[in-house]
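The values are calculated or read from the model by the stated rules, or taken from the named source; none is laboratory data. Small disclaimer: the values here were computed from a predicted structure and weren't measured. Every residue, glycine as well, gets a Cβ built from its backbone with ideal geometry; the counts of neighbours run over all protein chains shown. Please note that ligands, DNA and RNA were not included when accessible areas were found on the heavy atoms of the full protein model with its side chains. Shrake-Rupley method; radii C 1.70, N 1.55, O 1.52, S 1.80 Å.
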Amino acid sequence: MPDDSAWAALRLSAWLAVTVTPAYVLAGAWLAWALEFGLRRPAWLDILVTLPIAFPPVVIGFGLLWLLGRQGLLGPWLARLGIDFVFSFAGLWLAAFIAGLPLAVKNLQTALQAQGRDLHETALDLGCGPLAAYWRVHLPIARAALAGGVLLALARGMGEVGISLMLGGNILGRTETLSLAIFNAVSGGDYRQAAMLSLCLGAFCLLLFGLVRCFQPRSRNLS
């Protein structure tokens, strides 16, 4: 059976999933709108959103530590506001959010591109403003893509290690998520516990992937 530290990691990961999922939904919807309709030249934002997919997580984590750490560029200013991302749940949350967000945005963006510009122009001709056309026309049609992207983002965020190590610090019983607990169990030679925790995390991700399949449009045989 998992020990007390493993149960603590499970509870922490569950709370992390609950709190980061609404952020995936809101940020994913807004960023997809900005990339497709809100900005004339969205290349810089597209690069920023896509960066966590192609960039090493440890490098991103170090960059965030250099920016948000207590001795970082914004650290003293954040400290005056009572905000601390290092060795805290806030750091874990930020790590999961940054790691998973590109999947939510890109999945929705692809669905919006498939709708074509004619639909957008028609909504504008009928009296909708650009933002109203997105929220009332485009997003309801693409809601399955948003849901699928959020589930993929959650699976990615729960498996995050590199950024979490840099910001959260991997403190036993405090900032040790399920993925970090697996890493620690393997490092300590406790392969039995690592296998049990890997089974839990793997089953959770498989469940999410199964739900993603439910949101994918089914092809119809027209022959």
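Residue-level check: of (1) more than 30 Å from ALA132 (Cα to Cα); (2) in a helix (DSSP H, G or I), ILE83 misses just (2). Comparison of GLY100, GLY127, GLY63, GLY148 shows that the only residue that is among the small types (Gly, Ala, Ser), out of contact with any strand residue (DSSP E or B) (no Cβ under 6 Å at 6 or more places or on another chain) and farther than 26 Å from LEU178 by Cα is GLY127.
Going by the conditions given, is ARG174 under 20 Å from the mean Cα position of the chain (by Cα) and basic (Lys, Arg)? Taking the combined requirement at face value, the residue does not satisfy it.
Run GLY127 past the list (1) under 28 Å from TRP33 (Cα atoms); (2) open to solvent by 60 Å² or more (accessible area, probe 1.4 Å); (3) part of a helix (DSSP H, G or I) and report the number of the one that doesn't hold. With respect to (1) under 28 Å from TRP33 (Cα atoms); (2) open to solvent by 60 Å² or more (accessible area, probe 1.4 Å); (3) part of a helix (DSSP H, G or I), GLY127 is out only on (3).
Picking from residues in region 12-45 that are farther than 21 Å from TRP93 by Cβ and surrounded by 18 or more Cβ atoms within 10 Å (Cβ to Cβ), the one that is nearest to the chain's Cα centre (by Cα) is ALA32. Screening ALA9 with (1) open to solvent by less than 20 Å² (accessible area, probe 1.4 Å); (2) farther than 29 Å from GLN193 by Cβ gives one miss only, at (2).
Specify which of the listed residues (GLN216, GLN113) is under 29 Å from TRP33 (Cα atoms), surrounded by 12 or more Cβ atoms within 10 Å (Cβ to Cβ), touching a residue at least 40 places away in the same chain (Cβ under 8 Å) and polar (S, T, N, Q).
Values: GLN216 fails: surrounded by 12 or more Cβ atoms within 10 Å (Cβ to Cβ).
Sole residue among the options that is under 29 Å from TRP33 (Cα atoms), surrounded by 12 or more Cβ atoms within 10 Å (Cβ to Cβ), touching a residue at least 40 places away in the same chain (Cβ under 8 Å) and polar (S, T, N, Q): GLN113.
Screening LEU78 on (1) modelled with pLDDT of 85 or more; (2) over 22 Å from LEU26 (Cα atoms); (3) out of contact with any Asp or Glu (no Cβ under 9 Å at 6 or more places or on another chain) shows it passes everything except condition (3).
Kindly evaluate LEU108 against the criterion of being assigned to a helix (DSSP H, G or I), open to solvent by 50 Å² or more (accessible area, probe 1.4 Å) and in contact (Cβ under 8 Å) with a residue 24 or more places away in the chain. The answer is no for LEU108. Among the conditions (1) within 30 Å of GLY75 (Cα to Cα); (2) touching a helix residue (DSSP H, G or I) at 6+ places or on another chain (Cβ under 8 Å), the only one that GLN109 does not satisfy is (1).
For region 142-223, which fully contained helices (runs of 4 or more DSSP H) count at least 1 residues that are farther than 28 Å from LEU26 by Cα and of a type in the set (Gly, Ala, Ser)? Let's see the steps before the verdict.
On the way: elements: 143-158, 162-168, 178-187, 191-215.
Correct list: 178-187, 191-215.
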